[in-house]
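Everything below concerns the one structure shown next.
The values are calculated or read from the model by the stated rules, or taken from the named source; none is laboratory data. Just so it is clear, the structure is predicted and the values come from calculations on it, not from any experiment. Note that we place each Cβ from the backbone using ideal geometry, even for glycine, and neighbour counts take in every protein chain shown. Quick note on the areas: whole protein, heavy atoms, side chains included, nothing else; ligands and nucleic acids left out. Shrake-Rupley method; radii C 1.70, N 1.55, O 1.52, S 1.80 Å.
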Amino acid sequence: MLVFTAVAFAITVIFRASVTAQGGAYATGVLVLILSAAVAVTVSVHRRRRRAATAAYAAIALVLTYTLVANVIERPDGVKIASFFIAAIVVTSLISRATRSTELRVTRVVLDPLAERFLREVPGHEVHLIANEPQRRDRAEYEEKLREQWRNHRLDPAMPVLFVEATVPDASEFLTELRVRGEERYGHRILRLESSSISNALAALLLYIRNHFRKLPHIYFHWAEENPVAAMLRYLVFGVGDVPAMTREILREAEPDPERRPRVHVG
C-alpha cells in the first residue's frame, strides 16, 4: 500500500497534477488490458477449433495492437509510467523478500494422526530427521539416502530415523499453515509437507517437535553441488536452494538459546 501511494504521488508530481496530461498514460493502460483480453479470447476459441470466431477475435486483437502502438508512439508517457511502476514493485519486492527471508512464516503446524504417531513412537529424548528431496520415491532412493547420511554423518545404523520431504507448490505465499502428513514406504517412515519456503517449513517443524513432544530434533542435510550465491538467489525467488544454511539461520533467529535450539547437521 505504501508503494502504491508513493507511485501515485510521484505520478501526480511528474504530471503536475494535470488530468489532461495523464490521459495518454491512462489510455495506454486501458488498451493493454483490452488487448490482453482479446488475445486470451483468441487463444481460447482457437483451442476449441472455432475457426470463424478465431479469425474475428484475431482481427480485433490486431486492431487493438495497432491502436496501442500508435498511442505509445504519439504519447509515450504511459510506457514510462508503467516502467516506473514495474521497477518500483520489483525492487520493493526483492528488498522485502531479502530482509524477511529469515522470518518464521508458518502460522500453525498441524500433524495428521500417522505423523503424530511416528513422532510419539520415537524412543528417547531426541528425534533424528533426514531431509530428502523427493524424486522417484522408490526403494532405491530411500536406501541410497540412508547410506549417504550414514557416510556423511557417521550415524548409527541402529538409530531410528524419519525422512522429511518438503515441496513448494506456490512460492508467492508469505504466511502458510503447515500440514504434515505421515507416510510409510518400503519400511521407511516419512513426514511430508508443503510450504512456500522449504527452510521455513523445516524450521517450523523442528520447533514444533521440540515444543510439542519435548524431544530435541536433529536434522541431517548434504551439501548441494551449487554455487552458494546462486543458491541464495534461488531461495529468495523460488523458496528453494541453500536450505541447510537458511534453516539454521531461521532457527538461530527464532531460538536465541543454543542449548534449546534444534540441531542442523550438514555433511
### Message
If I ask for residues that are open to solvent by 40 Å² or more (accessible area, probe 1.4 Å) and under 24 Å from THR92 (Cβ atoms), which ones from segment 18-41 would you list?
### Response
GLN22, TYR26, VAL32, LEU33, SER36
### Task
Kindly indicate the residue of segment 183-208 that is at pLDDT 90 or above and among the hydroxyl-bearing types (Ser, Thr, Tyr) and also surrounded by the fewest Cβ atoms within 10 Å (Cβ to Cβ) among those meeting that condition.
TYR186
### Query
Looking only at segment 211-242, which residues are over 18 Å from ALA98 (Cβ atoms) and open to solvent by 30 Å² or more (accessible area, probe 1.4 Å)?
ASN211, HIS212, ARG214, LEU216, HIS222, TRP223, ALA224, GLU225, GLU226
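Quick one: in segment 42-82, which of the residues that are of a type in the set (Val, Ile, Thr) and within 30 Å of PHE4 (Cα to Cα) is most open to solvent (accessible area, probe 1.4 Å)? Let's see the steps before the verdict.
At the first step, the residues of segment 42-82 found to be of a type in the set (Val, Ile, Thr) are 42-43, 45, 54, 60, 63, 65, 67, 69, 72-73, 79, 81.
Applying the additional criterion that residues be within 30 Å of PHE4 (Cα to Cα) yields 65, 67, 69, 72-73, 79, 81.
On the way: THR65: 56, THR67: 55, VAL69: 76, VAL72: 43, ILE73: 132, VAL79: 63, ILE81: 37 Å².
Within segment 42-82, the match that is most open to solvent (accessible area, probe 1.4 Å) is ILE73.
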### Query
Hey, any hits in segment 243-255 for a residue that's surrounded by fewer than 18 Cβ atoms within 10 Å (Cβ to Cβ), modelled with pLDDT under 95 and in contact with a strand residue (DSSP E or B) (Cβ under 8 Å, 6 or more places away or on another chain)?
no
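Working only within segment 139-156, note down all residues that are touching a helix residue (DSSP H, G or I) at 6+ places or on another chain (Cβ under 9 Å) and over 22 Å from GLU183 (Cβ atoms).
Taking segment 139-156 as the starting set, the residues that turn out to be touching a helix residue (DSSP H, G or I) at 6+ places or on another chain (Cβ under 9 Å) are 155-156.
Selection gives ASP156 alone.
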### Task
Those residues that are in contact with a helix residue (DSSP H, G or I) (Cβ under 7 Å, 6 or more places away or on another chain) and over 22 Å from VAL69 (Cα atoms), I need them from segment 12-46; list them, please.
VAL45, HIS46
### Query
Within the set of pairs 6 or more residues apart or between chains, which connect a residue that is in a loop (DSSP other than H, G, I, E, B) inside segment 254-266 to a residue that is acidic (Asp, Glu) and open to solvent by less than 60 Å² (accessible area, probe 1.4 Å) with Cβ atoms less than 6 Å apart?
ARG261/GLU255
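Just give me the residues in segment 83-103 being aliphatic (A, V, I, L, M) and surrounded by 15 or more Cβ atoms within 10 Å (Cβ to Cβ), in sequence order. Talk me through it step by step, then tell me what you get.
Of segment 83-103, the ones aliphatic (A, V, I, L, M) are 86-91, 94-95, 98.
Listed by number, the list holds a single entry, ALA88.
Could you check how many residues of segment 73-128 are part of a helix (DSSP H, G or I) and polar (S, T, N, Q)?
The initial filter retains those residues of segment 73-128 that are part of a helix (DSSP H, G or I), namely 73-74, 77-99, 113-120.
Keeping just the survivors that are polar (S, T, N, Q) gives 83, 92-93, 96, 99.
Looking only at that region, the number is 5.
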### Query
Any residue at all in segment 81-104 that is out of contact with any Leu (no Cβ under 8 Å at 6 or more places or on another chain), of a type in the set (Asp, Glu), under 30 Å from ARG252 (Cα atoms) and touching a residue at least 40 places away in the same chain (Cβ under 8 Å)?
yes
## Note on the structure
Of those in segment 135-182 that are aliphatic (A, V, I, L, M) and farther than 24 Å from LEU216 by Cα, the residue surrounded by the fewest Cβ atoms within 10 Å (Cβ to Cβ) is ALA140
### Query
Is segment 38-55 home to any residue that is in contact (Cβ under 8 Å) with a residue 40 or more places away in the chain and touching a Leu at 6+ places or on another chain (Cβ under 7 Å)?
no
